[in-house]
Each structure stands twice: as structure tokens, then as C-alpha cells.
Amino acid sequence: MTGLSDSFQRPINYLRISVTDRCNLRCIYCMPAEGVDLMSHNDILSYEEIFTVAKAAAELGINKVRLTGGEPLVRAGLPELVRLLAGIDTIDDISLTTNGTLLTHHAAELKEAGLRRVNISLDTLKPDRFQRITRSGNLEDTLQGIEATRTAGLNPVKINAVVMAGINDDEIPDFAARTLSDGWHVRFIEHMPVNGDESGVSRLVSVREMKHRLDPLGKMEPYKVDVGNGPARYFRLPDATGTIGFITPITEHFCYHCNRLRLTADGKLRPCLLSEDEIDLRESLRRGAPVAELKNLIEEAIARKPLGHKLDEGGKHRGRPFSQVGG
Ligand code: SAM
Ligand code: SF4
């Protein structure tokens with residue numbers, strides 16, 4: 001293994017793989033009510049094709065993989081893909097980002113297939129509000145999914161909440177209280193004004209404001225986590241078994257430490273979530289190109305990683321919605 005780094009000397013070891021652009025929810029910050037134009041079945045990489053890309057990437061130095069979507073669990077047979085990826089010796093961490101609604105049916109099988117960890121997106125603890133934010137979902141499905149995941153031993157389960165002013169920001173203390181009562185690991189994410197988002201452009205609650213709202217719960221101490229080295233910074237309330245993390249793509253963006261590449265469901269490598277630059281791997285895969293060609297394309301994608309995004313300068317993202325590129 002050689003180890004990869006981009007032209008800004010950032011080490012690159014993490015591949016996020018979107019396995020589908022389809023979703024069983026329509027979150028207001030991610031998708032329009034009517035959904036988005038869907039890719040056809042033939043456009044989407046097969047599990048074998050995804051495996052081929054992951055193996056080539058692993059040979060170059062990628063050792064962490066996350067499966068995402070759309071909603072990854074709406075694609076049939078996801079444990080089969082996990083099993084394929086788990087068979088790649090040098091990949092030592094396979095994780096999943098999901099809305100959690102289907103986890104009760106799949107958590108145990110995913111664990112058995114080799115999945116290590118799960119992040120579950122949940123933006124409210126109120127049933128009626130859950131319906132409004134997701135435009136269709138049932139809070140109980142996600143809560144049961146969280147419990148099934150913990151029971152299956154896929155720990156630590158992280159709960160990701162996108163905080164939106166006037167929509168769910170009053171629940172910041174309620175989520176934090178779950179780190180005390182239930183040992184949840186909660187991460188608050190700053191809302192990004194991206195294409196597909198219909199929640200309004202002025203929904204940002206800064207991390208500074210989020211922390212201020214948590215003052216009544218006691219003094220948070222910084223906390224170092226062992227598993228996963230993503231962009232969150234972690235804290236702990238006095239006596240809590242769970243942790244509170246903050247992901248701040250806008251007010252304190254973490255591009256300088258970005259270690260990732262993204263593979264879209266239709267086989268494009270994206271050097272950056274928020275840039276439209278894409279390198280097509282599907283054409284090479286379907287032409288039966290040698291692995292060396294795939295590796296060259298992966299290295300090219302890494303070389304094309306930009307230094308950072310411009311959302312903090314008031315830029316609005318206009319490209320493919322997150323549901324298509326993996327959020
Ligand atoms: N369906 C899965 C889920 O919801 O976890 C995986 C795909 S989703 C696109 C991945 C992540 O992107 C979720 O945690 C979601 O909250 C986040 N996301 C989507 N739109 C966002 C936005 N406008 N601002 C911040 N995060 C966003
Ligand atoms: Fe679906 Fe996830 Fe987007 Fe919500 S955030 S619409 S669950 S892809």
C-alpha cells in the first residue's frame with residue numbers, strides 16, 4: 001500500500017459510495033416534494049462494479065468505506081455488497097449512513113456481513129414534525145431502527161441531526177438530553193443550502209449558537225473519540241455516557257482536513273461533494289478496462305480535489321442534489 005495524498009498534501013483514505021439515488025423519504029432539505037429525476041437501473045453500478053472500484057481504490061491506499069445514497073437500504077441485497085467489501089483485506093472500516101427506517105429488518109444481517117458502524121439521520125423527536133420534515137416518514141420506524149442497530153452490536157451508533165432555524169432548532173437540548181438518558185451519540189450538522197433543499201436559504205444555526213442553547217445542561221468537556229475520524233468535534237455533558245458532536249460545513253469548514261472521495265450511484269468519482277467536477281469510471285468498467293486504468297482515474301480524481309468549497313462566502317450549491325451524490 002502506497003498511501004494517497006492530494007495536491008494540498010491531504011492524506012486520502014476514505015471512499016463514500018452512493019449505492020442508489022432512490023429514497024423512501026423526501027426530506028425538505030434534501031429533495032423536492034416530487035422527488036428528482038431518477039437514474040435508470042442500467043445507469044447504476046452493479047455491486048460487482050462497485051467492488052471492482054473499491055478494490056482498486058484499496059490497492060492505492062483507501063482503507064475506509066461508507067455506504068450511502070439516496071437511502072442505501074432501499075437497494076435490494078445491500079448485505080451482499082457489504083460482504084464483498086469486507087473481503088478486501090486492506091479495508092478495515094465499512095460503515096453506513098441511513099435514515100434508519102428499514103434497519104429493523106436489516107441490522108443483524110448487515111453486522112453479520114461485516115458492517116462495522118452506522119450513522120442514522122434523525123432531525124426531530126416529535127412524530128408530527130418528523131412527518132413534516134421527511135414529508136412521509138414515521139418517527140417510530142427510525143427509533144426502532146436505532147434500537148435494532150444497537151442491539152445488533154453496530155456500535156457506536158451515531159445520530160445525525162441537521163439543525164434548521166425555525167424548524168427543529170428548539171430540539172437541540174432534547175437531543176442532547178438523550179446523551180444522558182440513553183447514551184446516544186448525537187451530532188448536530190449545520191444546514192447547507194444545496195440544490196434540492198426547499199427549507200429556505202436562511203435556516204443556518206451556527207455551531208456557536210447551538211452550543212449556547214446547550215448551556216443550561218451543564219459545562220460540556222471536549223471528548224476524543226477512537227472510532228471514525230470524520231469532521232465532527234466532540235464534547236460530553238457531565239455524567240453523560242453518550243457524546244455530542246458538531247459538524248460545521250459552513251461556519252468552520254473542514255475542507256483543510258478532507259480525506260475523502262465519493263463514488264456516485266452512476267459510477268462517477270467526485271473529488272468534492274460541493275463541486276460538479278466528476279470523473280467517469282463506469283465507461284471504463286463496462287469496457288472491461290484493466291485495473292491500472294481505474295487506478296489512474298482514481299489518482300486523477302484525487303489530483304483534482306479542490307482546496308475547499310465556497311458556501312461560507314454566500315455561494316449556493318446548484319449541482320446534483322445530495323440524494324444523487326451521497327450527502
Ligand atoms: N438517506 C441517508 C440518510 O438520510 O442518512 C443517506 C443519504 S443523505 C443525502 C446523507 C446525509 O446528508 C444525511 O445525514 C442528511 O441529513 C445530509 N444532508 C442532506 N441534505 C443536507 C443539507 N441541505 N444540509 C446538511 N446536511 C444534509
Ligand atoms: Fe432521503 Fe437521506 Fe435525502 Fe432524507 S436526507 S431525502 S432520507 S436521501
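The table that follows gives values for the structure above.
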quantity: Test: residue in region 238-260 that is buried (at least 17 other Cβ atoms within 10 Å of the Cβ) and of a type in the set (Asp, Glu); calculated: no
quantity: Conditions (1) in contact with an Asp or Glu (Cβ under 8 Å, 6 or more places away or on another chain); (2) more than 16 Å from ligand 1 (Cβ to nearest atom); (3) of a type outside the set (D, E, K, R): number failed by Met39; calculated: (2)
quantity: Residues of region 29-47 classified as more than 16 Å from ligand 2 (Cβ to nearest atom) and surrounded by fewer than 15 Cβ atoms within 10 Å (Cβ to Cβ), total; calculated: 5
quantity: Tally of residues being within 15 Å of ligand 2 (Cβ to nearest atom), more than 14 Å from the chain's Cα centre (by Cα) and among the hydrophobic types (A, V, I, L, M, F, W, C) across region 92-140; calculated: 5
quantity: Qualifying residue in region 48-57 (condition: at pLDDT 95 or above, touching a Lys or Arg at 6+ places or on another chain (Cβ under 9 Å) and buried (at least 18 other Cβ atoms within 10 Å of the Cβ)); calculated: yes
quantity: Neighbours by Cβ (under 7 Å, 6+ apart or cross-chain): first from region 88-103, farther than 21 Å from Ile120 by Cα; second more than 11 Å from ligand 1 (Cβ to nearest atom) and of a type in the set (D, E, K, R); calculated: Ile88/Lys55
quantity: Any hit, region 121-142, residues being away from ligand 1 (no atom under 13 Å from the Cβ), within 27 Å of Asn13 (Cβ to Cβ) and surrounded by fewer than 18 Cβ atoms within 10 Å (Cβ to Cβ); calculated: no
quantity: Members of region 6-65 found to be in a loop (DSSP other than H, G, I, E, B) and aromatic (Phe, Trp, Tyr), listed by number; calculated: Phe8, Tyr29
quantity: Residue satisfying all of: in region 272-319; touching a strand residue (DSSP E or B) at 6+ places or on another chain (Cβ under 9 Å), basic (Lys, Arg) and at pLDDT below 95; nearest to ligand 1 (Cβ to nearest atom) among these; calculated: Lys305
quantity: Only one of Arg66, Arg16, Arg26 that is among the basic types (Lys, Arg), under 20 Å from the mean Cα position of the chain (by Cα) and surrounded by fewer than 21 Cβ atoms within 10 Å (Cβ to Cβ); calculated: Arg26
quantity: Leading residue by the ranking (surrounded by the fewest Cβ atoms within 10 Å (Cβ to Cβ)) among those in region 87-113 that are touching a strand residue (DSSP E or B) at 6+ places or on another chain (Cβ under 6 Å) and not in a strand (DSSP E or B); calculated: Ile91
quantity: Asp266, sole failed condition from (1) outside any loop (DSSP other than H, G, I, E, B); (2) at pLDDT 85 or above; calculated: (1)
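The values are calculated or read from the model by the stated rules, or taken from the named source; none is laboratory data. It should be emphasised that the depicted structure is a prediction, and the values quoted were computed from it without experimental measurement. Glycine gets a Cβ as well: all are built from the backbone with ideal geometry, and neighbour counts include every protein chain shown.
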